[in-house]
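For reference, the structure discussed in these notes is given below.
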Amino acid sequence: MAASIEVLAYDAPAAVLEGAAQVLARSFSSSGPLDVTRGVTREDWLPMARSGVASLRGNGITLVARLPTPLDADEATVRDSVVGVVLNSDRADELPSEPPDAKLAPILLLLDSLEEHAHKPSERLRELYIWLLAVDERTRGQGVATALLRETVRIARELQYGSIVTEATSSYTRLICEQKLGFVVEKEIEYASFELPNGERPFAELPRIAHERGLGTHLSGTFLRLSLSYS
């Protein structure tokens, strides 16, 4: 059964919003290389996931992938119909600002480091930011992530954005962005050598842990950009 890609409306059913948050929390806590290394659980992730979904619904660029449901489907069925989500922001949106779980703090610092040194676009060009992308394990390998990102690119072109940017913490996301969509890497940080201000290296064991957990090979995080041109 193929999933359809939908814009996440401001008045989307509560079950859809919760389904999107649950997909984010389950996906990152079980297969995100940074999160697994830090021991971040689904419960750790849920507050930020729910806050992010609530903040970015209705902005016209945040998307969900859903399986078909009957018109009289109950809340659990509607919630479980969500199999993918991409939280997109145009930088004017308010992203969650509450303090994250302590386990997540080093991850956010790494992402800040990636973006800090990346190329800054002209102020006259709007920039779409892909903040979080997740696909439920039930539909992995079926092209859901690629479909969500392709629709993001289509909408960005339709709305005349100058570029699309994102941080890829997984080698799989980087592969889709670079090889399928044409993104260019502007900054790369090796996980094993990344240091916090206190000298701690929070991801020194990431390559080993990811390999042992069967998550694949993840050696670095990247900041990527797709510049959009119009004739």
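No lab work stands behind these numbers, since they all come straight from the coordinates. Since the model is a prediction, treat every value here as computed from it, not as a measurement. Reconstructed Cβ throughout: ideal geometry from the backbone, glycine too, with neighbour counts over all protein chains shown.
Let's test the formula: R0 of 22 Å, r as the Cβ-Cβ distance of Leu196 and Asp101. What FRET efficiency results, to the nearest 0.05?
0.85
May I ask which residue of Ser220, Gly182, Ser29 lies farthest towards the positive end of the charge dipole of the stretch 4-227, with charges of +1 (Lys, Arg) and -1 (Asp, Glu) on Cβ and the Cα centre as origin?
Gly182
Rounded, prolate or oblate, given the Cα gyration tensor of the stretch 173-231, with a/c below 1.5 counting as rounded?
Cα axes put the stretch 173-231 in the oblate bin.
Starting from one equal scatterer on each C-alpha and no solvent at all, send me the Debye-based log10 I(q)/I(0) for the stretch 12-71 at q = 0.12, 0.15, 0.16 Å⁻¹, two decimals.
Debye output, listed in q order: -0.32, -0.49, -0.54.
With a cut-off of 13 Å, note down the residues of the stretch 1-17 whose backbone N falls inside the zone around a label point 7 Å from the Cα of Ala73 toward its beta carbon.
Once the point is set 7 Å along Cα→Cβ of Ala73, 1-6, 13-17 turn out to lie under 13 Å by backbone N, inside the stretch 1-17.
Shape of the stretch 1-44 from its Cα gyration tensor (a ≥ b ≥ c, root eigenvalues): rounded if a/c is under 1.5, otherwise prolate when a/b > b/c, or oblate?
Here the stretch 1-44 falls in the prolate category.
So, R0 is 25 Å and r is the distance between the beta-carbons of Ala9 and Glu115; what FRET efficiency does that work out to, to 0.05?
Efficiency, from the Cβ-Cβ distance: 0.30.
Once fully extended, how much extra length lies between Arg42 and Arg154, figured as 0.36 nm per residue of separation less the alpha-carbon to alpha-carbon distance?
Going from the current span to full extension adds 37.2 nm.
How big is the dipole moment of the stretch 4-227 about its Cα centre under a simple scheme where the beta carbon of each Lys and Arg is +1, that of each Asp and Glu is -1, and everything else is neutral? Debye, nearest 20, please.
600
For Glu186, enumerate residues with amide H under 5 Å from its amide H, sequence gap 5+ or separate chain, H modeled in the peptide plane.
Hits under the 5 Å cutoff: Phe223, Leu224, Arg225.
For the stretch 146-228, which trypsin sites (Lys or Arg not before Pro) are both in a DSSP coil and crowded by at most 16 other Cβ atoms within 10 Å?
In loop regions of the stretch 146-228 (DSSP not H, G, I, E or B), the sparsely surrounded trypsin sites (Lys or Arg not before Pro) are Arg213.
Once the convex hull of the C-alpha atoms of the chain is built, how many Å³ does it hold per residue, rounded to a whole number?
For the chain, the hull spanned by Cα atoms encloses 128 Å³ per residue.
Near Ala73, within a Cβ-to-Cβ distance under 13 Å, what is the net charge of the other residues, with Lys and Arg +1 and Asp and Glu -1?
Residues near Ala73 contribute -2 overall.
Under a no-solvent Debye model with one identical scatterer per Cα of the stretch 117-231, what's log10 I(q)/I(0) at q = 0.12, 0.21, 0.24 Å⁻¹?
Ignoring solvent entirely, the Cα scatterers give -0.51, -1.20, -1.38.
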